Amino acid sequence: MNNVALSVDELREISKKARLHIIEMVYGAKSGHPGGSLSIIDVLTVLYFREMHVDPVNPSDPGRDLFVLSKGHASPALYSILSLKGYFPEDLLTGFRKISSKLEGHVHYGVPGVEASTGSLGQGMGVGVGMALASKLDDKKNWIYVVIGDGEIEEGSIWESFMAGYKYRLNNLIVILDRNMIQLDGFTEDIMPMMEIKNKVESFGWNVLEIDGHNYDEIISAIEKAKKSKEYPTLIIARTVKGKGVSYMENNPKYHGSPPESEDLYLKALKEIREN
Ligand SMILES: Cc1ncc(C[n+]2csc(CCOP(=O)(O)OP(=O)(O)O)c2C)c(N)n1
């Protein structure tokens with residue numbers, strides 16, 4: 001179940017397909033969250049296609065790595081990656097947010113490959129802490145990965161998770177923060193300034209790394225570094241662009257939870273992603 005080490009160009013091609021899926025899914029559903037899906041898709045590509053030991057043919061392998069998308073509204077990103085990885089056929093993505101489909105708007109445990117339902121912000125990281133603690137108690141050697149949002153970290157429960165991660169010495173836990181600077185309808189630093197997150201989280205006893213979350217080499221090397229931690233969990237602050245890959249969505253809070261409003265904008269998004 002080891003991944004073949006894909007090249008950066010191959011990873012980029014996978015992300016491109018996933019970006020197209022994200023736009024098609026939200027446009028088809030006339031709802032959903034493109035911005036925060038596009039910001040985190042490069043990280044998810046590296047996790048699923050390079051770092052994580054998971055096998056869609058044997059999805060319940062007890063030794064598999066586990067992933068929780070704590071910012072569960074970015075479900076199009078995870079559903080697309082799971083389909084590209086082979087957990088379910090890509091054509092099921094057209095059912096996104098439709099009543100007859102399992103692909104609910106927020107990440108749903110019933111979807112093949114999903115390890116935890118999420119969507120209520122602040123909870124998924126606690127689930128990941130619990131998984132990491134359970135793995136330690138069972139003497140397993142797997143890795144637990146969690147992705148959180150920078151609006152999500154306004155939830156107090158995130159900071160309880162940071163405390164617990166230190167207390168239980170969860171060096172099998174790697175949390176990635178999607179630092180795109182935007183939350184639901186505005187900029188994080190206007191709504192609730194988080195300032196230097198690195199200093200804050202280091203003071204909770206964690207290792208903290210900061211990277212460009214669209215640079216594959218940096219994502220890979222940060223994860224490799226995190227895996228060398230002897231004692232404590234690691235937070236990787238991935239600086240990203242919300243809406244990355246679609247010019248009119250980039251850094252635009254409007255596209256947190258809105259699909260392209262017209263066919264012209266839909267086709268423009270697909271064209272830009274294809275030509276990038
Ligand atoms: C407990 C809770 N409160 C409010 C919401 C509504 N909500 C969905 S996404 C979101 C903003 C999240 O911002 P961020 O974590 O930065 O996500 P990203 O920008 O990466 O998409 C909010 C407030 C929610 N899902 N859960």
Which of (1) within 16 Å of the ligand (Cβ to nearest atom); (2) closer than 30 Å to SER221 by Cβ; (3) of a type outside the set (Ser, Thr, Tyr) does MET25 not meet, given it meets every other one?
(2)
Condition (residue is over 16 Å from GLY245 (Cα atoms), within 16 Å of the ligand (Cβ to nearest atom) and surrounded by 17 or more Cβ atoms within 10 Å (Cβ to Cβ)) applied to region 30-40: is it met by at least one residue?
yes
Looking only at region 51-60, decide whether some residue is small (Gly, Ala, Ser) and in contact with a helix residue (DSSP H, G or I) (Cβ under 9 Å, 6 or more places away or on another chain).
no
Filter result for the condition that a residue is over 19 Å from PHE162 (Cα atoms) and among the charged types (D, E, K, R), over LYS244, LYS230, LYS200
LYS244
Output the residue which, of all residues in region 142-170 that are more than 29 Å from ASP185 (Cα to Cα) and touching a Ser or Thr at 6+ places or on another chain (Cβ under 8 Å), is nearest to the ligand (Cβ to nearest atom).
ILE144
Based on this model, can you work out whether SER83 counts as surrounded by fewer than 24 Cβ atoms within 10 Å (Cβ to Cβ), free of Cβ contacts under 8 Å to residues at least 40 places away in the same chain and closer than 22 Å to GLY28 by Cα?
no
Can you pull out the residues in region 68-89 that are part of a helix (DSSP H, G or I) and either among the β-branched types (Val, Ile, Thr) or touching a Leu at 6+ places or on another chain (Cβ under 7 Å) (or both)?
ALA77, LEU78, TYR79, SER80, ILE81, SER83
Inside region 183-205, can you point out the residues that are more than 23 Å from LEU47 (Cα to Cα) and under 19 Å from the mean Cα position of the chain (by Cα)?
GLN183, LEU184, THR188
Complete set of residues in region 257-276 that are modelled with pLDDT under 95 and not in a loop (DSSP other than H, G, I, E, B)
none
Does LYS254 satisfy the condition of being within 16 Å of the ligand (Cβ to nearest atom) and assigned to a helix (DSSP H, G or I)?
yes
The condition of being part of a loop (DSSP other than H, G, I, E, B), charged (D, E, K, R) and touching a His at 6+ places or on another chain (Cβ under 7 Å) holds, among LYS230, LYS244, only for LYS244
Selection within region 171-198 - more than 12 Å from the ligand (Cβ to nearest atom), in a loop (DSSP other than H, G, I, E, B) and among the acidic types (Asp, Glu)
GLU196
(1) within 16 Å of the ligand (Cβ to nearest atom); (2) crowded, with 16+ Cβ neighbours inside 10 Å: which one isn't true of ARG50, the others all being true?
(1)
When only residues in region 90-124 that are part of a helix (DSSP H, G or I) and free of Cβ contacts under 8 Å to residues at least 40 places away in the same chain count, which is farthest from ASP42 (Cα to Cα)?
GLY95
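The values are calculated or read from the model by the stated rules, or taken from the named source; none is laboratory data. The model shown is predicted, which means the values in this text are computed figures rather than measured ones. Every residue, glycine as well, gets a Cβ built from its backbone with ideal geometry; the counts of neighbours run over all protein chains shown.
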